[in-house]
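Everything on this sheet refers to the single structure shown next.
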């Protein structure tokens, strides 16, 4: 038994000597610092907000609105002027009613107001800043947006739109894609047509007496004057026979200038008679037999 124990002890010591590292190796390893592994961070953005929007395949209509409003510089600024953009998708832009789109594109001011309502300037608003909060920041056009992240079971909301893709970074800001276009309240209201002032009443015209030409004045034998207007009774009588009043105006003859028929004047010569009766005339009377 004792003979077996001794060889076993020697065998164990031999194995230990062979596998035990050298003291110099242990000293060198002790002098080396522990190597630390740092995780590689994702590369930073290389394009500004306008370039990121233009490169996205689902934001073409919103980019067209930016170009039409001449606001490209707002999205192409430096990192010192950051922007937060809530960009509506092409489907969201297509859901804008026709009359609403007509008001948006009515002029440059309305178009710029629509685009600026999707932007917050000089601020970076990540999705984590909206979660659990309900805030009302001012947009670039001066009108207020409404953030709602209090409902944990639903996506984050901006006004009536939900964030369908968030935290797209750019060199000068962050972009969130929303499901509905954000229309400023000032463009939602129907324009009220101005009430026309009632027309002023025209000044009454002064009465004008009808002009009657003396030559056109006709005096009828019944004592009425006919001059193209309403007949009025006249106190002047006329000696003109009725047959002559129908043909036009006939000047009146004063009574003193009228002459009696030759037969009414005594002593006047009588025209020869056509009958063959015999007799004579005396003082205007004819005597026959």
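The values are calculated or read from the model by the stated rules, or taken from the named source; none is laboratory data. Remember, predicted model here, so these are calculated numbers, not experimental data. So basically every Cβ, Gly included, is an ideal-geometry build from the backbone, and we count neighbours across all protein chains shown.
Does residue 82 qualify as being under 18 Å from residue 167 (Cα atoms), modelled with pLDDT under 90 and surrounded by 12 or more Cβ atoms within 10 Å (Cβ to Cβ)? Against the criterion (under 18 Å from residue 167 (Cα atoms), modelled with pLDDT under 90 and surrounded by 12 or more Cβ atoms within 10 Å (Cβ to Cβ)), residue 82 does not qualify.
Conditions tested, residue by residue: (1) in contact with a helix residue (DSSP H, G or I) (Cβ under 8 Å, 6 or more places away or on another chain); (2) more than 18 Å from residue 94 (Cβ to Cβ); (3) modelled with pLDDT of 95 or more; (4) surrounded by 20 or more Cβ atoms within 10 Å (Cβ to Cβ).
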residue	(1), (2), (3), (4)
148	no, yes, no, no
152	no, yes, no, no
170	yes, yes, yes, yes
176	yes, yes, yes, yes
186	yes, yes, no, no
191	yes, yes, no, no
197	no, yes, no, no
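In the list 90, 68, which residue meets the criterion of being farther than 15 Å from residue 114 by Cα and either surrounded by 13 or more Cβ atoms within 10 Å (Cβ to Cβ) or in contact with a strand residue (DSSP E or B) (Cβ under 7 Å, 6 or more places away or on another chain) (or both)? Just a single option satisfies the conditions, and that option is 90. Screening the stretch 35-61 for residues that are loosely packed, with under 10 Cβ neighbours inside 10 Å and at pLDDT 85 or above and picking the one that is farthest from residue 92 (Cα to Cα) gives 46.
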